[in-house]
Amino acid sequence: MAKFIMFDLDGTLIDGVDDLLFAMNELLGVHDLAPLARHDLEAMLGDGTWMLTKRAFTARGKTPDDATLDKLNIDFNARYRATDYAHTRLYDNAEATLRNLAKDGWTIALASNKPTAPCERILENLGISDLFAVIAGGDATTVKKPDGGHLRFVLGKLGYNAANGDIAVMVGDHANDINAARDAGTHAIAVAFEVSADRANTLNADAVVTDYTNLVRAIDHIIQPKG
């Protein structure tokens, strides 16, 4: 029996809002649109940068067509990369928890709707890329969360085999993460770092954690055989 655990990135492992906000406000400014506040942008996250760009421009009264949004999204991602994620940080106790999971035999992967390249760079900047057997952004396969195919793609890369009794857990902060886990048939844990615990509880995950020091306990609880 092997143990596999997948993590979302933004809002789950990292607080990257300040870099996203800087890049988006820079883009909005080029188009003579007012900047967003941090809490406005936070509410727009979870479905990849194309949808983020669409929501940001819609919030400023613009409704670009898909072809225009494709170009705006390319521009946004270039501006986002240019930040080199300088203000992106790990949540408290995240690194120690990841390293403890690895020591305990868990194979760790990233499953994010963010493009793969920034995912890789951020994990490298934070000094934890060595912990991830697979890093799969939203462009790694043909579907994104909440489609469980994204997680099945990751698990396939990891060598997961349910028939052998392997265990798989998805950890995320958004309904997309929990719904993808349900679709893929894996356990699901919601984290509440950028949202309230009450909101996280509405996601219908197997457990909710508000601090990484509690994650291992939550995992043990949900994977233990039910007597």
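The values are calculated or read from the model by the stated rules, or taken from the named source; none is laboratory data. Worth saying up front: this structure is predicted, and the values here are computed from it rather than measured. Here Cβ is always computed from backbone atoms with ideal geometry, including for glycine, and neighbour counts include all displayed protein chains. Note: areas computed on protein heavy atoms with side chains; ligands, DNA, RNA excluded. Shrake-Rupley method; radii C 1.70, N 1.55, O 1.52, S 1.80 Å.
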Item to complete: Answer with yes or no whether Val216 is surrounded by fewer than 18 Cβ atoms within 10 Å (Cβ to Cβ) and either closer than 15 Å to Met6 by Cα or polar (S, T, N, Q) (or both).
Response: yes
Practice prompt. Check the range 40-60 and report whether any residue there is among the charged types (D, E, K, R), in a helix (DSSP H, G or I), more than 14 Å from the chain's Cα centre (by Cα) and more than 29 Å from Ala181 (Cβ to Cβ).
Written response: no
Worksheet item: Going through the range 144-168 one residue at a time, which ones are open to solvent by less than 40 Å² (accessible area, probe 1.4 Å) and either over 19 Å from Gly11 (Cα atoms) or in contact with a Pro (Cβ under 7 Å, 6 or more places away or on another chain) (or both)?
Response: Gly148, Gly149, Val154, Leu155, Leu158, Gly165, Asp166, Ile167, Ala168
Worksheet entry | Residue list for the range 17-39, filter: outside any helix (DSSP H, G or I), hydrophobic (A, V, I, L, M, F, W, C) and touching a helix residue (DSSP H, G or I) at 6+ places or on another chain (Cβ under 8 Å) | Leu33, Ala34, Leu36
Worksheet item: Looking at Asp47, Asp15, Asp66, which one is without any contact (Cβ under 8 Å) to a residue 24 or more places away in the chain and surrounded by fewer than 21 Cβ atoms within 10 Å (Cβ to Cβ)?
Response: Asp66
Discussion item. If the requirement is being in contact with a Phe, Trp or Tyr (Cβ under 7 Å, 6 or more places away or on another chain) and among the hydrophobic types (A, V, I, L, M, F, W, C), which of these qualifies: Ala34, Ala94, Ala78?
Written reply: Ala94
Worksheet, complete the sentence: Selection from the range 90-103 of residues surrounded by fewer than 16 Cβ atoms within 10 Å (Cβ to Cβ) and in contact (Cβ under 8 Å) with a residue 12 or more places away in the chain yields Asp92, Asn93, Ala96, Arg99, Asn100
Item to complete: Could you please give the count of residues in the range 108-159 that are farther than 18 Å from Ala184 by Cα and in a helix (DSSP H, G or I)?
Response: 13
